[in-house]
Amino acid sequence: MGNGNRPTPEFRREAVRLALTSGRTRREIAEDLGIGLSTLTRWLSLERDASEPSEAPVDVHAELKRLRRENAVLKQARDILKKAVALFAKEGSR
């Protein structure tokens, strides 16, 4: 972030979701998202202290479908990058 723009509520929710479910440290998530660790910690506290949920209950089946689709896209991108690396390595050895 760091560009002076205020983060959107969606960005905040996604940052909190990542912090709670990704298994990565808060510091890693904050660095990846370009926010301060104290900011992420404050968002987590606000989310936990909220008396009412900030979003509708998660539809587990829809979330699973979305994650499977995202996983497939990421696997395709990885495979493309592997092929590109192999191609460039072969061209570079000529």
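For the stretch 6-75, which GluC sites (Glu not before Pro) are both in a DSSP coil and crowded by at most 16 other Cβ atoms within 10 Å?
Answer by residue number: Glu55.
Report the extension gain between Leu74 and Arg42 in nm, rounded to one decimal, defined as 0.36 nm multiplied by the number of residues separating them, less their alpha carbon distance.
Here the segment from Leu74 to Arg42 would lengthen by 8.4 nm.
Once you have the Cα-Cα distance between Asp49 and Phe88, take 0.36 nm times their residue separation minus that, and quote the gain in nm to one decimal.
8.8 nm
Which one, Leu67, Leu40, Leu81, has the greatest fluctuation when you compute a Gaussian network model over the chain with C-alpha springs under 10 angstrom?
The residue that fluctuates most here is Leu81.
Note the angle between two axes, namely the Cα long axis of helix 37-49 and the longest principal axis of the Cα atoms of the chain, as a number of degrees from 0 to 90, rounded to the nearest 10.
Rounded to the nearest ten degrees, it is 50.
Taking the 0 to 90 degree range and rounding to the nearest ten, how far is the long axis of helix 60-92 tilted relative to the main principal axis of the chain, both from C-alpha atoms?
30
So which lysines can Lys65 reach, going by Cα to Cα under 25 Å and dropping same-chain residues fewer than 8 places off?
Of all the lysines, those that pass the test against Lys65 - Cα under 25 Å, at least 8 places apart if same chain - are Lys75.
Identify which of the listed values of Cα Rg over 2.2 N^0.38 Å was calculated from the structure shown: [x] 1.22; [y] 1.35; [z] 1.50.
Recomputing Cα Rg over 2.2 N^0.38 Å here picks out [z].
No lab work stands behind these numbers, since they all come straight from the coordinates. None of these values were measured; they are calculated from a predicted model. Here Cβ is always computed from backbone atoms with ideal geometry, including for glycine, and neighbour counts include all displayed protein chains.
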